[in-house]
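Inspection log for the structure reproduced underneath, given as C-alpha cells.
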Amino acid sequence: MTQFIESIRLAVSALVANKMRGALTTLGVVIGIFFVLLMGWLLTGLDNVLDETLATFGDDILYVDKYNWAGDGDWFENRNRKSITFDQYQRVHQRLASTAEYVIPTTRANGASVRYGDDELTSAVVFGTNAEYIQMFGGNLKEGRFFSEIEDQSGGFVVVIGANVSNSLFPKGDAVGRVVKIQGIPFTVIGIMPKRGSLLADMVDDQLLIPIKRFFGLYGNSFRVVINVKAGGTERVEDVRYATLGAMREVRSIALGERDDFSINTQDQFRKQSDQLRAVVWAVGLVMTGLSFLVGSIGIMNIMFVSVVERTKEIGIRKAIGATRSSVLQQFLVESILLCLIGTAIGVLLTSGVAYAGAYIAEKYWEIDVLDSTISVSQLVLAVVVSVVVGVLAGIIPAFRASRLDPVEALRAE
Amino acid sequence: MAPQATSIGEPIIEIHHVSRRYVMGAETIHALRDVSLTIRRNEYVAIMGPSGSGKSTLMNIIGCLDTPSGGDYFFEGELVSKMSDNELAQIRNQQIGFVFQTFNLLARNDAVKNVELPLVYAGISRQERQERAVEALRQVALEDRMTHKPNELSGGQRQRVAIARALVTRPSIILADEPTGNLDTATGIDIMRLFEDLWRKGNTIILVTHEEDVARNAARIIRVRDGKIESDAPNPNRIQMAATAAPTTAPATP
Ligand SMILES: Nc1ncnc2c1ncn2[C@@H]1O[C@H](COP(=O)(O)OP(=O)(O)O)[C@@H](O)[C@H]1O
Ligand SMILES: [Mg+2]
C-alpha cells in the first residue's frame, strides 16, 4: 500500500516535470473520451425520445388498420384489402367497450390545403377523430380546448392545430378563435396541441384535428379508418389484442380458417425508428472512439517508452536500493493510467460543455427537450473504466520493459 | 594501533572461484577469473586495482546487483545463485547499502525523500520513514540540509546524502564504489572520516578505490589485477582517522 501511494506520488511528479508533452499525449484519449461520452449522451437523448413517445401514446395502444405498419407481408395484398369503415369501427367499439379502455377512430389526409389569409400550408395533415382522442393522450392542450362530444355528433367546423401549424400560420401565437380554411372550407381554431418534437416523424405537430364526421364531409365516407384500441395497461395488451382480433373478424365476416384482412399494429414502428438511429449513433461513435483510443494509446505507449529510456538511470538506482520488478512495473503503469485519467478529465469537461450547450441550443431553437444538459454518472464511470483499461494496455509493454532492465546496465546509463 | 570498536565476527560474504564473463560478439571479456574471498562482520576492506581490473564487477556481484558466470557466492550462508529476483531485491534493500562514485541521487527529490527511498521499498509507513531518514541524515551531519534538492548541495553533501540513504535500512554491509572519486581531496577526507566512524560503530565496510591514499584507511586490502586477486592481506600502514564532528549516536547496526 505504501508503495502504491508512492507510485502515485512519483507519477504525479514525473508528469508535472513534463507538462507539455503529457498534455499533447493525452489528446487522443481526450478525443476518445469525448466521443464515448458524446455517443452516450446522444443515445440517452434517443432513449428519452422513445420513452416520451411511448409515454405520450402509451405503449398499450393497438392500431387496427388494413396495412401492416411493420411492413410484414405482401404490400400489394395489403393494399387490395378493403379499408376499415367508420361503420365497422362503431361495431368493433361496441364489442370492445367492456374490454378496452378506449376505442377511437382516426383518419388522416396528407397534403391538405390549409389557408389563413394569404398564407398557405402544403405539408399539413388533416386528422379526423373524436372527442375521446385527447383523453387517450392525457388530455392536455397547449392552449384552448379540444372538440366536444356534441361537436363530434354534429360534425362541427372546429379545428385543433398542431404546434408547427400554429407557428407557421400564427407566429404571434394568437391562433385560438381565428378561422382557417381547409380545402376551402372555414374552420374555427379552438385549441393548440402541445409541441411534440420532430425527432420521430409522427407529425403530430403538423396536424389539424377535426371531428371525424366533418372529415368524412370533406373527403368522403370511404376514407380509410384506423381503430386505436388502448388496452389500459401493458399487462392487458395481449388479452385486448385477442378480443380485438375476434371483434374484427366478426365485423369483417371472416369465416373460420380464412386469413385476416387487416393488421393489428403496435408501437413497434417507433422502436424500429429509434433502433435504426441508435445503430447509426453506435456505429459512428464506436468507429470514432476506437480510432481515437487507438491513436491515444499509441501516443501514450510512445511517451511511456520515451519516459522509460529517459529514466533508465533512475530505474537502475531504484533497483540498486531494493525496488523489485513489480514495483518498477507498478510505477510506470500508474504513470500511464494517470496520463489517461488526465485525458479523461479533460474529455469529460469538454463533453460536459458540449452537452450543456447542445441541450440549451436544441431546446431554444428547435424545441427539442430530450437532450440532457449533463453527463450521467454511469457514463462517467464508464469513461474512467475505459481510460484505466487504455492506460494499462498502453503502459504495460513499456512498464514491463522497465521492470526487466538489468540494474548494472541501467546504472551505467546517463 | 588503536583497538577496533567491535571484534570481527562471522563471515557475511563467501566467494568461491567466482568468474564473470562478458560476451561481446565473438569476443569474451573475462572481467573476473576464479576469485575467492571471505569477508566477516565489521571488517573494513579496501578493494584496490587499476582501472578496468574488475573492481566494480566484483562489487556488483557482492552487492547482488549482478550474478557470477561461474563459481558460488554465499551471502550470510545463502547461495545467491539460487535466489529469485525478488529475494535479490530484498537483500539489496535490507542487507546492503550502496554508495556510488556519482552519488546516484534522484534529482527531483529532496535529501529526506532520497534517504527515505529504500524504506519505501521495504514497505515502511510514511511516519517511520520520515523519522528514520532524518535520523540517518543526522548521522552524516546534514540535519540542516533536509529539504535541499541534490542540485542545491555540494558534492560532499550529496555523497553524505547517499551515505545516509545507504545507512537508513541498517544494512549488514556498506559497499562504496570509488566514493571519493568525484570529490576534492579535503571533501574526500571528510567522507573517509565518515566511513571510519561507521566502521567504529560496528558497520562492515567494503570500499573500492584505485587511490592508495584512500585505501590506506582500511584494515585489509585486496588487490585486483586483470580480474584476479593479486594479494589479500591486512593493511600494515593503516592510518586511523580522528573521529568526525558528526555526533555519535546509537550504532547503525543493531
Ligand atoms: N557490461 C559490460 N560489458 C562488457 N564488458 C564489461 C562490462 N562491464 C565491465 N566490462 C569490462 O570488464 C572489465 C572490468 O570492468 P570493471 O569491473 O568496471 O573495472 P574497474 O571497476 O576495476 O575499473 C573491463 O575490461 C570492462 O571493460
Ligand atoms: Mg569501476
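Here is a yes/no grid of residues against (1) away from ligand 1 (no atom under 16 Å from the Cβ); (2) over 26 Å from B:R193 (Cα atoms); (3) at the interface with another protein chain (Cβ under 9 Å from one of its Cβ atoms):
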residue: B:A31; (1), (2), (3): no, yes, no
residue: B:R40; (1), (2), (3): yes, no, no
residue: B:G63; (1), (2), (3): no, no, yes
residue: B:D72; (1), (2), (3): yes, yes, no
residue: B:Q90; (1), (2), (3): yes, yes, yes
residue: B:Q94; (1), (2), (3): yes, no, yes
residue: B:F100; (1), (2), (3): no, no, yes
residue: B:N104; (1), (2), (3): no, no, yes
residue: B:R126; (1), (2), (3): yes, yes, yes
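Scanning the range B:196-225 for residues that are acidic (D, E) and more than 14 Å from ligand 2 (Cβ to nearest atom) yields B:E196, B:D197, B:E212, B:D213. For A:K213, the conditions (1) under 32 Å from the mean Cα position of the chain (by Cα); (2) within 25 Å of A:Y63 (Cα to Cα) are fulfilled apart from (1). Considering the range A:70-141, the qualifying helices (runs of 4 or more DSSP H), each wholly inside and each with 3 or more residues that are over 24 Å from A:S253 (Cβ atoms), run over A:132-136.
With respect to B:R193, is the statement that it is within 14 Å of chain A (Cβ to nearest Cβ), more than 16 Å from ligand 2 (Cβ to nearest atom) and either over 23 Å from B:F75 (Cβ atoms) or touching a strand residue (DSSP E or B) at 6+ places or on another chain (Cβ under 9 Å) (or both) true? Here the answer is no, as B:R193 does not meet what is asked.
Looking for something within 10 Å of ligand 1 (Cβ to nearest atom) and not acidic (D, E) - is there at least one such residue anywhere in the range B:8-19?
Pass one, the range B:8-19, residues within 10 Å of ligand 1 (Cβ to nearest atom): none.
No: zero hits.
Selection of the range A:246-264 for residues being surrounded by 12 or more Cβ atoms within 10 Å (Cβ to Cβ), aliphatic (A, V, I, L, M) and over 32 Å from the mean Cα position of the chain (by Cα) yields A:A247, A:M248, A:V251, A:I254. Selection of strands (runs of 3 or more DSSP E) fully inside the range A:144-247 by the criterion of at least 1 residues being over 30 Å from A:R79 (Cα atoms) and in the same structural domain as A:Q88 (by TED's automatic domain parsing) returns A:158-161, A:179-182, A:185-192.
Residues in the range B:25-41 that are more than 22 Å from B:G77 (Cβ to Cβ) and not in a strand (DSSP E or B) were compared, and the one that is farthest from ligand 2 (Cβ to nearest atom) is B:A26. With respect to (1) within 16 Å of ligand 1 (Cβ to nearest atom); (2) surrounded by 24 or more Cβ atoms within 10 Å (Cβ to Cβ); (3) under 21 Å from B:I12 (Cβ atoms); (4) away from every other protein chain (no Cβ under 13 Å), the lone exception for B:A218 is condition (1). For the range B:106-115, the candidate set comprises residues that are more than 9 Å from chain A (Cβ to nearest Cβ) and in contact (Cβ under 8 Å) with a residue 40 or more places away in the chain; within that set, the residue that is farthest from the chain's Cα centre (by Cα) is B:A111. The residue of the range B:170-181 that is nearest to B:G97 (Cα to Cα), among those that are surrounded by 24 or more Cβ atoms within 10 Å (Cβ to Cβ) and not aliphatic (A, V, I, L, M), is B:P179.
Using the structure shown, decide if B:E87 is on the phi < 0 side of the Ramachandran plot and more than 16 Å from ligand 2 (Cβ to nearest atom).
Working: on the phi < 0 side of the Ramachandran plot: yes; more than 16 Å from ligand 2 (Cβ to nearest atom): yes.
Taking the combined requirement at face value, the residue satisfies it.
Among all residues of the range B:182-205, there is none that is crowded, with 23+ Cβ neighbours inside 10 Å, within 16 Å of ligand 1 (Cβ to nearest atom) and either within 13 Å of B:A46 (Cα to Cα) or within 15 Å of the chain's Cα centre (by Cα) (or both).
Would you mention how many residues in the range B:13-29 are within 30 Å of B:D197 (Cα to Cα) and surrounded by 21 or more Cβ atoms within 10 Å (Cβ to Cβ)? Even if it seems obvious, please write down each step before you answer.
Of the range B:13-29, the ones within 30 Å of B:D197 (Cα to Cα) are B:13-15.
Okay, now just the ones that are also surrounded by 21 or more Cβ atoms within 10 Å (Cβ to Cβ), so B:13, B:15.
Of the residues in that region, 2 qualify.
Here A:S292, A:S307 are screened, and the one residue that is of a type in the set (S, T, N, Q), away from every other protein chain (no Cβ under 14 Å), out of contact with any Leu (no Cβ under 7 Å at 6 or more places or on another chain) and part of a helix (DSSP H, G or I) is A:S292. Note on the range A:156-172: residues that are crowded, with 20+ Cβ neighbours inside 10 Å and small (G, A, S) total 3.
Within the range B:42-83, the set of residues being away from ligand 2 (no atom under 16 Å from the Cβ), part of a helix (DSSP H, G or I) and hydroxyl-bearing (S, T, Y) comprises just one member, B:S81. Restricting A:D174, A:D152, A:D206 to those that are among the charged types (D, E, K, R) and farther than 27 Å from A:V229 by Cβ reduces the list to A:D174. Residues in the range B:137-173 that are in contact with a strand residue (DSSP E or B) (Cβ under 8 Å, 6 or more places away or on another chain) and farther than 24 Å from B:I206 by Cβ: there are none.
Let me confirm something: among A:A413, A:A357, A:A399, which residue is of a type in the set (A, V, I, L, M, F, W, C) and at pLDDT 90 or above?
Values: A:A413 fails: at pLDDT 90 or above; A:A357 fails: at pLDDT 90 or above.
Unique residue meeting the criteria: A:A399.
Based on what the data block shows, is B:N86 surrounded by fewer than 16 Cβ atoms within 10 Å (Cβ to Cβ), without any contact (Cβ under 8 Å) to a residue 60 or more places away in the chain, within 14 Å of chain A (Cβ to nearest Cβ) and not in a loop (DSSP other than H, G, I, E, B)?
Details: surrounded by fewer than 16 Cβ atoms within 10 Å (Cβ to Cβ): yes; without any contact (Cβ under 8 Å) to a residue 60 or more places away in the chain: yes; within 14 Å of chain A (Cβ to nearest Cβ): yes; not in a loop (DSSP other than H, G, I, E, B): yes.
When the stated conditions are applied, B:N86 passes them.
Among the residues making up the range B:221-240, those that are more than 13 Å from ligand 1 (Cβ to nearest atom) and among the charged types (D, E, K, R) are B:D232, B:R238.
Taking the criterion of being among the acidic types (D, E) and at pLDDT 90 or above, the only residue of the range A:215-249 that qualifies is A:D239.
Restricting the first member to the range A:361-383 and to residues that are under 30 Å from A:G162 (Cα atoms), and the second to residues that are of a type in the set (V, I, T) and modelled with pLDDT under 70, the beta-carbon pairs closer than 9 Å and six or more apart or on different chains are A:A362/A:I368; A:A362/A:V370. Taken over the range B:62-83, the criterion of being in contact (Cβ under 8 Å) with a residue 60 or more places away in the chain and closer than 23 Å to B:I191 by Cβ is satisfied by B:I62, B:G63. Among the residues making up the range A:310-321, those that are at the interface with chain B (Cβ under 10 Å from one of its Cβ atoms) and part of a helix (DSSP H, G or I) are A:K313, A:E314, A:G316, A:I317, A:R318, A:K319, A:A320.
The values are calculated or read from the model by the stated rules, or taken from the named source; none is laboratory data. Source: prediction; values computed, not measured. Heads up, the Cβs are rebuilt from the backbone with ideal geometry, glycines too, and the neighbour counts pull from every protein chain shown.
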